[in-house]
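Got a structure here, written out as structure tokens. Questions coming.
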Amino acid sequence: METGFAAPLLDFFKRGEVTQDVKMLAAQGALAPRALEQLGLLALLVNDPDPEIASTAEKTLQAISKDALAAFLARADAPTELRTFFAARGIEPAAAASDSEAPLIDTSPTEDEVEDDKDDEGTALQRLQKLNVPQKVQRATKGSREERAILIRDPNKMIAMAVLSSPKLTTSEIEAFARAGNVGEDCLRVIAKTRAWMKNYNVVSALTRTPKTPVAISMNLLSRLSEKDLRNLSTDRNVADVLRVTARKKLVLSKGE
């Protein structure tokens, strides 16, 4: 789905890199990222080879209000593949679009929500250590800022990617992830290909300075850097030699113009 937002969870499901328990969670409507990604997951899972998962996803889709679906399909960012999928089910875009990012159905157990400004890393870590993988995936999409800061570093790629599907995620968090040296390369790739986040100069600058960012991505971002940041990059021993040398050449060329 081509949108301004990342859909890392959906990409994981499409690649088949998801365990059955997490699939079932999504099929039940209990894994609830933003509406666009949730509907993509359900549309995918109704054709799952596991008949129990497929039938569960179908029941969840049937439980969603047709009016809510029609309002979603009227959005400018509603993918053509989803419009086609629901048109085959007799649901066309409404006259007025919904601007809500909230999931269209959420069957996850009601939990005590942790306010972002009342959480800290110590208590968040203790809370997360008690959870299994499906529960961590849920917290990644619905949890607090501190939980996201911990889970983005999880060795389980699906959990880390689920953080990037959270509708609560802020641009300042993306900046922090891009600067961090312990965020996985796959997460950095998702950030780099998400237009909504790459409109922020601080995210662009942070990605070029992070050693884990794939060199090809960093090289493509050099043209967007200010002279000051190019100068800093040209002497930064933590980045790849080719990046440092190219930044130096760009500075020389800019002075010759």
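Just name the residue that is farthest from Tyr201 (Cα to Cα) out of those in the range 162-179 that are in contact (Cβ under 8 Å) with a residue 60 or more places away in the chain and open to solvent by less than 10 Å² (accessible area, probe 1.4 Å).
Applying the filter and picking the extreme gives Ala162.
For the range 180-200, indicate whether the set of residues that are over 15 Å from the mean Cα position of the chain (by Cα) and either crowded, with 18+ Cβ neighbours inside 10 Å or in a helix (DSSP H, G or I) (or both) is non-empty.
Looking through the range 180-200, none of the residues is over 15 Å from the mean Cα position of the chain (by Cα) and either crowded, with 18+ Cβ neighbours inside 10 Å or in a helix (DSSP H, G or I) (or both).
Please determine whether any residue of the range 64-78 is within 22 Å of the chain's Cα centre (by Cα), open to solvent by less than 50 Å² (accessible area, probe 1.4 Å), closer than 14 Å to Pro103 by Cβ and small (Gly, Ala, Ser).
No: zero hits.
Please give the number of the condition Leu131 fails out of (1) open to solvent by 70 Å² or more (accessible area, probe 1.4 Å); (2) outside any helix (DSSP H, G or I); (3) at pLDDT 90 or above.
Failing condition for Leu131: (1).
Looking only at the range 228-249, filter to residues that are surrounded by fewer than 18 Cβ atoms within 10 Å (Cβ to Cβ) and among the aliphatic types (A, V, I, L, M); which one of those is nearest to Thr213 (Cα to Cα)?
Applying the filter and picking the extreme gives Ala240.
Would you check which residues across the range 219-237 are in contact with a Lys or Arg (Cβ under 7 Å, 6 or more places away or on another chain) and assigned to a helix (DSSP H, G or I) and list them?
Leu222, Leu230, Leu233, Ser234, listed by residue number.
The values are calculated or read from the model by the stated rules, or taken from the named source; none is laboratory data. The structure displayed is predicted, hence computed values, not measured ones. Every residue, glycine as well, gets a Cβ built from its backbone with ideal geometry; the counts of neighbours run over all protein chains shown. Ligands, DNA and RNA are excluded from the accessible area calculation, which covers all protein heavy atoms including side chains. Shrake-Rupley method; radii C 1.70, N 1.55, O 1.52, S 1.80 Å.
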